[in-house]
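The values are calculated or read from the model by the stated rules, or taken from the named source; none is laboratory data. Since this is a predicted model, take the numbers as computed values, not measurements. We place every Cβ from the backbone using ideal geometry, glycine too, and count neighbours over all the protein chains shown.
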Amino acid sequence: MSRTYGQRVYALVRRGPPGSVATYGQIAALLGNPRAARAVAAALRNAPNGGRIPCHRIVNRRGSMAPADVFGPGVQSALLRGEGVVFLPDGSVDMRRCLWQPQPSDLPAQP
DNA sequence: CGCGTGACGTCTC
DNA sequence: CGAGACGCCACGC
């Protein structure tokens with residue numbers, strides 16, 4: 001089945017555990033293209049929330065989250081806080097502590 | 001069917 | 001070390 005880039009992104013994002021966050025570039029790199037961070041964002045932008053995709057766990061490389069217009073005013077930060085994500089005084093996520101570290105076992109099997 | 005835009009990141013000068 | 005250009009995918013017009 002020809003899976004679109006978004007489908008692969010969704011599958012990987014779904015593996016992200018609560019309390020941890022991942023970056024666009026990280027997902028793209030895991031897919032094999034570290035320069036496809038924008039593609040990840042494009043896919044998540046149209047990600048079907050009905051598919052239970054924790055798109056709110058994806059933040060940028062600096063730990064800043066997407067504009068409030070995307071999810072809502074302070075919604076993403078509230079969701080992350082509810083999961084136990086640690087925030088820094090400047091309002092960004094503490095990547096040093098909450099960055100998702102995927103193990104080989106958590107990654108999809110290699111065809 | 002083609003161009004421009006957008007939740008980004010890496011590479012090059 | 002800083003700024004600029006390119007790359008990737010999906011969607012709207």
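Quick look at the numbers
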| item | result |
| --- | --- |
| Residue identified as in contact with an Asp or Glu (Cβ under 7 Å, 6 or more places away or on another chain) and away from DNA strand C (no atom under 13 Å from the Cβ) among A:Val13, A:Val86 | A:Val86 |
| Members of segment A:54-82 found to be more than 8 Å from DNA strand B (Cβ to nearest atom) and either crowded, with 16+ Cβ neighbours inside 10 Å or aliphatic (A, V, I, L, M) (or both), listed by number | A:Pro54, A:Arg57, A:Gly63, A:Ala68, A:Val75, A:Ser77, A:Ala78, A:Leu79, A:Leu80 |
| Which listed residue, of A:Asp69, A:Asp106, is within 16 Å of DNA strand C (Cβ to nearest atom) and either in contact with a strand residue (DSSP E or B) (Cβ under 8 Å, 6 or more places away or on another chain) or not polar (S, T, N, Q) (or both) | A:Asp69 |
| Residues located in segment A:33-84, provided they are in contact (Cβ under 8 Å) with a residue 24 or more places away in the chain and polar (S, T, N, Q) | A:Asn46, A:Asn60, A:Ser64 |
| Any hit, segment A:74-91, residues being under 22 Å from A:Arg35 (Cα atoms) and not in a strand (DSSP E or B) | no |
| Boolean, A:Val85 is modelled with pLDDT of 95 or more and more than 14 Å from DNA strand B (Cβ to nearest atom) | yes |
